[in-house]
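Everything below concerns the one structure shown next.
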């Protein structure tokens, strides 16, 4: 398991890296997955828009982009997170920045575990999985 926390244009947020790594491993395991190499790249809205346009041909801001490079039952990938959008989403949802950041961090892992959120009914499944994962984090 190799999980790295990198940044592009912003400071890496204040997170308990060991706790987050253990949390990710526990969530992946609950879906029958092992954790391989995962890179979190924390960035700003300008960078995530650039990534969205360049690699996905989407012309909009987002909080997270997950590039899945998983192989068999080992999750691997690069996960871009815009701290600007995380902050604005936290304000809109009337939650703390840290709570929203944790939600987004695990959202990417859930995608790597095979959970989608674009089709009919999928968003509710993703939200339930996020909520369950966030509850687990509180017990670690």
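What follows draws every value from the coordinates through simple rules; no lab data is involved. For clarity, every value in this text was computed on a predicted model and none was experimentally measured. Note that each Cβ is placed from the backbone with ideal geometry, even for glycine, and that neighbours are counted across all protein chains shown.
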Identify the residues of the range 103-140 with backbone N under 16 Å of a label point that sits 7 angstrom from the Cα of residue 18 along the Cα-to-Cβ direction, or state none. 140
Order of 54, 123, 33, 103 from fewest to most other C-beta atoms within 10 Å? 54, 123, 33, 103
Largest first and in whole Å, give the semi-axes of the range 2-139's equivalent ellipsoid, each being the square root of 5 times a Cα gyration tensor eigenvalue. 21, 17, 16
Which of the peptides 70-82, 9-21 is most tightly packed, and how do the rest follow, going by the mean number of other Cβ atoms within 10 Å of each residue? 70-82, 9-21
Percent of alpha-carbon pairs separated by more than 13 Å within the range 81-132: 58 percent
Checking 124, 90, 26 against a Gaussian network model of the chain (alpha-carbon springs below 10 Å), the top fluctuating residue turns out to be 124
What is the extension gain from residue 97 to residue 127, computed as 0.36 nm multiplied by their sequence separation minus the C-alpha to C-alpha distance, in nm to one decimal? 9.1 nm
Run through the DSSP bridge list for the chain and note the antiparallel percent, rounded to the nearest 5. 30 percent
